[in-house]
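Right, one structure below, let's go through it.
The values are calculated or read from the model by the stated rules, or taken from the named source; none is laboratory data. Note that the structure is predicted; figures quoted are calculated from it, not measured. Cβ atoms come from the backbone with ideal geometry, glycine included; neighbour counts cover every protein chain shown.
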């Protein structure tokens, strides 16, 4: 069983996508970042950078190894995805070239598209004052990165080639987040790819579970 410390943000959705695709058993533990729950000492013990998501795997299969086994906690979404792919023996690429491509595009997402789109969203939607330079800078860089993605997907069904992988799972939630701003209108290959992923049963289930986590509680009887 895997404990998932989660809130329905793009980084959180990456992990539910993978867990659903791989059919791994997991329990969601909400970490409400709107209330600062990521700053709680108990959570920081799992995720030293006080960022969600994090997981604890209670079945690592290494109990007979030197030093013993026991639960393993992992933070950082990219590291979690690579760990889960190895555990499931799926979604990390079938050939050497695919495995290299998976890592390239996964690291591209965690180092580029995610941070830039996140900063764009912050300055457009949440900053206490309008900062035109910041809005322009992060919007332009997000647009550039979508162009990089579009060129890749013009020649490949998925990011690593013909096989769906953790690179796609990492990237899709961020693309879905910016799609509402109309940023896919000029990136037809990204839009095609996103539609395919959105229709996957695991994607539908993962986002439904995310919506349930953040839904307001029912009124008291």
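Summary table below
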read-out	value
Matching option when the condition is surrounded by 21 or more Cβ atoms within 10 Å (Cβ to Cβ), at pLDDT 95 or above and under 30 Å from residue 140 (Cβ atoms), among 4, 17	17
Only one of 152, 144 that is assigned to a helix (DSSP H, G or I), more than 25 Å from residue 52 (Cβ to Cβ), at pLDDT 95 or above and touching a helix residue (DSSP H, G or I) at 6+ places or on another chain (Cβ under 8 Å)	152
Counted residues, the range 169-197 - those being more than 18 Å from residue 109 (Cα to Cα) and either assigned to a helix (DSSP H, G or I) or not assigned by TED's automatic domain parsing to the domain that holds residue 148 (or both)	4
Residue match in the range 93-103 (condition: on the phi > 0 side of the Ramachandran plot, surrounded by 13 or more Cβ atoms within 10 Å (Cβ to Cβ) and outside any helix (DSSP H, G or I))	yes
Residue tally, condition over 14 Å from residue 112 (Cβ atoms) and either touching a strand residue (DSSP E or B) at 6+ places or on another chain (Cβ under 9 Å) or free of Cβ contacts under 8 Å to residues at least 12 places away in the same chain (or both), over the range 158-180	5
Selected residue [touching a strand residue (DSSP E or B) at 6+ places or on another chain (Cβ under 7 Å), within 15 Å of residue 170 (Cβ to Cβ) and not assigned by TED's automatic domain parsing to the domain that holds residue 176] from 30, 71, 10, 53	53
